[in-house]
Every structure is written in structure tokens, then in C-alpha cells.
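Peer 1: If you scroll down you'll find the structure; I have some questions about it.
No lab work stands behind these numbers, since they all come straight from the coordinates. If you're wondering where the values come from, they're calculated on a predicted model, not measured in any experiment. Methodologically, a virtual Cβ is constructed for each residue, glycine included, from the backbone with ideal geometry; neighbour enumeration extends over all protein chains shown.
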Amino acid sequence: MAVRILGICGSPRKSVTEYCVREALKEAAGLGGVDTDFFTVRGLKYGFCVHCDLCLKKESLDCLRQKDDLAGFFGRFITYDGYIIGTPVYDMNMSSQLLTLINRAMRPSWLLLQKDPGFFYRKVVGAIAVGGTRNGGQEMALQAINNVFFSLGIAPVSGGVLAYNGASVWSKNIPGLKGAEQDPVGLDMVRALGRRVGLMAKALRPQPETCGRPITGEGGMEEQKRVTLAGTL
Ligand SMILES: Cc1cc2nc3c(=O)[nH]c(=O)nc-3n(C[C@H](O)[C@H](O)[C@H](O)COP(=O)(O)O)c2cc1C
């Protein structure tokens with residue numbers, strides 16, 4: 001059975017980031033045995049996580065406070081084996097649209113990790129950041145995305161040599177395909193990253209669980225659950 005990879009575009013435009021994410025997905029699919037889907041924040045309306053923790057208290061993978069365009073997103077997200085996450089660089093970080101999506105979607109991940117600490121261990125992610133400036137914060141945005149996935153136990157991968165944290169692209173602030181074409185080296189990183197995510201998703205899926213045992217004691221899973229729920233309003 002093919003592994004499934006989801007590309008997520010964190011740009012509100014159909015532009016360079018979307019092109020890069022689609023390009024990476026194409027490369028992954030070219031390996032064979034990889035199915036891909038694409039998701040974009042463009043045109044969606046959704047609110048911030050307001051830390052009500054209703055999702056945790058009522059054990060829901062969806063936000064129970066806000067009925068908006070993210071309904072059902074996390075439930076679908078967790079069915080994939082790999083992710084390619086692209087962001088435009090906004091103020092030397094990932095876009096607010098992407099961070100809000102992550103805050104909202106990932107909050108209930110705790111419910112899954114409580115039941116199975118290894119829930120995400122066989123999943124893999126690669127990040128792409130597109131900036132208008134050559135050194136405009138792509139590295140920071142890539143690291144910020146990788147950090148989110150470290151915290152879930154999803155394995156961030158690089159594109160290999162020259163793409164250490166993921167793929168960095170310099171659009172020179174030109175939108176669309178023309179912007180992507182400004183940076184052939186960046187596009188090579190994007191394609192390398194796509195192949196790597198595909199390869200790693202294929203390699204990881206059949207591995208038996210080895211490190212998904214609960215962390216116990218003070219600061220462990222049970223204690224964290226207790227203090228998290230005790231701290232909710
Ligand atoms: C609010 C905002 C902040 C930005 N901040 C940065 C930045 O810190 N560094 C940078 O290199 N480019 C920055 N840019 C430029 C975009 O990253 C760049 O134009 C990128 O190609 C946009 O991606 P897109 O075409 O896929 O939407 C910013 C753009 C906006 C709208």
C-alpha cells in the first residue's frame with residue numbers, strides 16, 4: 001500500500017510557496033508508492049486557539065468553541081504518513097496563518113499521545129520557507145516549523161546537503177512561478193526535500209514500535225495530564 005503525504009501551504013496567496021509545496025509533492029510522488037494531497041490556508045477563515053482546552057476536556061479532535069473552516073482538519077491530518085509544510089517568511093518567522101492553523105489543529109494531539117505516546121513516531125515532515133530577501137529569516141521559519149513537529153514526535157528531515165533545516169527559497173518578492181524561478185538552487189532544495197520526505201515515509205512506516213513507551217514519574221505523561229487539566233479555566 002502506498003504511503004500518503006500531505007502538503008500544506010501557509011501562504012494566503014496562490015504564489016511561490018504553493019508552487020514549491022506542489023513541486024516537492026511531485027518529487028515525492030515520482031518515487032512511486034507515494035500518494036499525495038494538497039491543503040492550503042488560502043481563502044480559509046478560522047480563529048485563534050483561545051486555550052479554553054474544551055477539546056482536551058471533552059476529548060474532541062476538533063475545536064468545540066469555534067465552528068469554522070478548520071472543522072475536521074486534524075482528524076484528516078493524522079491519517080497521513082508524511083507532511084511537507086511550506087510557509088512564506090513573515091517577519092522572520094512562519095506566517096500567522098500557518099501558526100494559527102498549527103495552534104488550533106495540534107492542541108488535541110495530547111489526547112492521542114496520552115493513549116499512545118508513539119502515535120506520531122512513524123510520521124515524517126519536511127519544511128519549506130520562501131522569503132523575499134536572500135537571508136530574510138528562512139532558517140528561523142524552518143526551525144520554528146521543525147520545532148513544532150519535534151514536540152509531537154514527528155521526525156523532521158532535511159533535504160540533505162545545502163538544505164540542512166529544510167528548503168530555503170528566495171523569491172525576490174516576485175509572486176507566482178516567476179518568483180520561484182528566481183532561485184533555481186532553492187528549487188533544487190525543494191525537490192530534494194520532497195524526495196527525502198517520500199523516502200523516509202516509506203522507510204519508517206513498516207518499522208516496529210520501539211520508543212513509544214509512556215514517560216512516567218514526576219514530569220511524565222500522567223503528571224502532565226493532571227496539571228494541564230487542573231490549569232484550564
Ligand atoms: C507581512 C509580511 C512580512 C514579510 N516578512 C518577510 C521577512 O521577514 N523576510 C523576508 O525575506 N520576506 C518577508 N516577506 C516577503 C515574503 O516572504 C515573500 O514575498 C514571499 O515570496 C511570499 O510568499 P508567497 O508568494 O508564496 O505568498 C514578508 C511579506 C509579508 C506580507
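Peer 1: How much length is gained if the chain between residue 115 and residue 68 is pulled fully straight, taking 0.36 nm per residue apart and subtracting their Cα-Cα distance, in nm to one decimal?
Peer 2: Result for the pair: 14.2 nm of gain on full extension.
Peer 1: Measure nothing fancy, just the Cα-based angle from helix 96-106's long axis to the longest principal axis of the chain, in degrees from 0 to 90, nearest 10.
Peer 2: Tilt relative to the chain: about 30 degrees.
Peer 1: Which residue fluctuates most in the GNM of the chain (Cα springs below 10 Å): 89, 41, 16?
Peer 2: Most flexible of the set in this elastic network: 41.
Peer 1: Another one. Among DSSP bridges having both ends in region 3-230, what percentage is antiparallel? Round to the nearest 5.
Peer 2: Within region 3-230, antiparallel bridges account for around 5 percent of the total.
Peer 1: Need one number: nm distance between label points at residue 188 and residue 172, each 7 Å from Cα along Cα→Cβ, rounded to one decimal.
Peer 2: Those two pseudo-labels are separated by 1.8 nm.
Peer 1: Still on this structure, please answer the following. Given a Förster distance of 45 Å, report the FRET efficiency between residue 59 and residue 35 from their Cβ-Cβ distance, rounded to the nearest 0.05.
Peer 2: 0.90
Peer 1: Compute the acute angle (0 to 90°) between the alpha-carbon long axis of helix 221-230 and the principal axis of greatest extent of the alpha-carbon atoms of the chain; round to the nearest 10°.
Peer 2: Its long axis makes an angle of about 80 degrees.
Peer 1: While we're on this one: Around residue 66, under 15 Å between beta carbons, what's the net of Lys plus Arg minus Asp minus Glu among the other residues?
Peer 2: +2
Peer 1: Given the C-alpha atoms of region 3-230, compute the convex hull and give its volume per residue in Å³.
Peer 2: 119 Å³
Peer 1: Please work out the FRET efficiency for the pair residue 13 and residue 228, using the Cβ-Cβ distance as r and a Förster radius of 41 Å; give the result to the nearest 0.05.
Peer 2: 0.65
Peer 1: Under 26 Å Cα to Cα from residue 45, which lysines show up? Leave out anything in the same chain fewer than 8 places away.
Peer 2: 14, 57, 58, 67
Peer 1: Additional query: Calculate the translational D of region 3-104 in whole µm² s⁻¹ from Stokes-Einstein, where the hydrodynamic radius comes from the Kirkwood formula applied to all Cα pairs, the temperature is 37 °C and the viscosity 0.692 mPa s.
Peer 2: 225 µm²/s
Peer 1: First select every other residue whose beta carbon is under 15 angstrom from the beta carbon of residue 135; then total the charges, Lys and Arg +1, Asp and Glu -1.
Peer 2: -1
Peer 1: Separate question: Rounded to two decimals, what is Rg over Rh for region 107-148 when you use alpha-carbon atoms and the Kirkwood radius?
Peer 2: Rg/Rh: 1.17.
Peer 1: According to a simple spin-label model (label point 7 Å from Cα along Cα-to-Cβ), what is the distance in nm between residue 103 and residue 181?
Peer 2: That separation, rounded to one decimal, is 3.8 nm.
Peer 1: Filter the trypsin sites (Lys or Arg not before Pro) in region 73-160 down to the DSSP loop ones having no more than 14 other Cβ atoms within 10 Å, then list what survives.
Peer 2: Within region 73-160, the qualifying trypsin sites (Lys or Arg not before Pro) (loop, at most 14 other Cβ atoms within 10 Å) are 134.
Peer 1: Less than 11 Å Cβ to Cβ from residue 2, Lys/Arg counted +1 and Asp/Glu -1: what total charge do the surrounding residues give?
Peer 2: Result for the neighbourhood of residue 2: +1.
Peer 1: Turning to a different aspect of this structure: Please give the calculated 222 nm ellipticity per residue for the chain, where each DSSP H segment of at least 4 residues contributes -39500 (n - 2.57) and the sum is spread over every residue; nearest 500 deg cm²/dmol?
Peer 2: Calculated at 222 nm, the ellipticity per residue is -12000 deg cm²/dmol.
Peer 1: Let me ask something else about it. Rg(Cα) of region 51-143 divided by 2.2 N^0.38 Å?
Peer 2: The value comes to 1.22.
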